[in-house]
Structure formats: structure tokens, C-alpha cells
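Quick notes on the structure that follows.
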Amino acid sequence: MTKKSILDFQKMKKEGEKVTWLTAYDYPTALFEERAGIDMILVGDSMGNCVYGYSGTLPVTMEQCIVHTEAVRRGAPNTRTKSFQAKPNYQS
């Protein structure tokens, strides 16, 4: 399985083909998602709620996002990954 490029996604959109996205925060989840053939994995600041039990996403630090993104990349090295953190979380 090869990592899809931006051009691949543009072609899929043009041809009306659906793109599959799932969220992952850790190595084993990313591994399973890659094996399932998911097109893209999102590592989002929603980990604050889902992993850390915060009441929202604002307590999530940039360092936490980086650590989880690294774990996901190790689990799914051939799947496009997008890491997201809301702007207020990383403003100085």
C-alpha cells in the first residue's frame, strides 16, 4: 500500500470516490487502520477528551500532539496522516 498524494485525493474527489478518514491516537489503532486500507488518519486534539479525560481540548499541549502523532506514524507509515490542534492551544 502506498501513501496517497494530494493529487490522488484530488482525483478521487473529481471522480466522486469517497475518501476514508479515521482518528487514531496510538500505535496499535493506527496499525489496524492502515491494515484496513484507510486513506487518511487524523490525530486530533480531541485526544484531550478521549485519551486524557479532559472536559475539552484546550488543555492539550503541542507536546502531547507531537507524541501521539509520532506513535501514529510508526503504526501507519504508509498512510497519510494529519495532525490537528486548535489555534488557541498553541498560541503564546
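FYI, it's all coordinate maths here, none of it is from the lab. For clarity, every value in this text was computed on a predicted model and none was experimentally measured. Backbone-built Cβ (ideal geometry, glycine too); neighbour counts: all protein chains shown.
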Value of relative contact order over the chain, rounded to a whole percent, pairs C-alpha under 8 Å and six or more apart: 35 percent
Order of 47, 12, 40, 1 - criterion: other Cβ atoms within 10 Å of each residue's Cβ, fewest first: 1, 12, 40, 47
Packing-based exposure ordering (other Cβ within 10 Å, fewest first) of 45, 39: 39, 45
Unit charges at the beta carbon, dipole of the chain: most positive-side option, 60, 71, 1: 1
Inter-label distance for residue 86 and residue 8, nm, one decimal - labels placed 7 Å from Cα along Cα-to-Cβ: 3.2 nm
Taking 17, 34 and counting other C-beta atoms within 10 Å, the order from fewest to most: 17, 34
Net charge contributed by nearby residues that have their C-beta within less than 11 Å of residue 2 (K/R +1, D/E -1): +2
Pairwise centroid distance, computed over Cα atoms, of the range 59-78 with the range 1-28, Å: 18 Å
Correct option for Cα extents along the principal axes in Å [calculated from the coordinates] among (1) 40, 40, 30; (2) 53, 30, 16; (3) 40, 26, 20: (3)
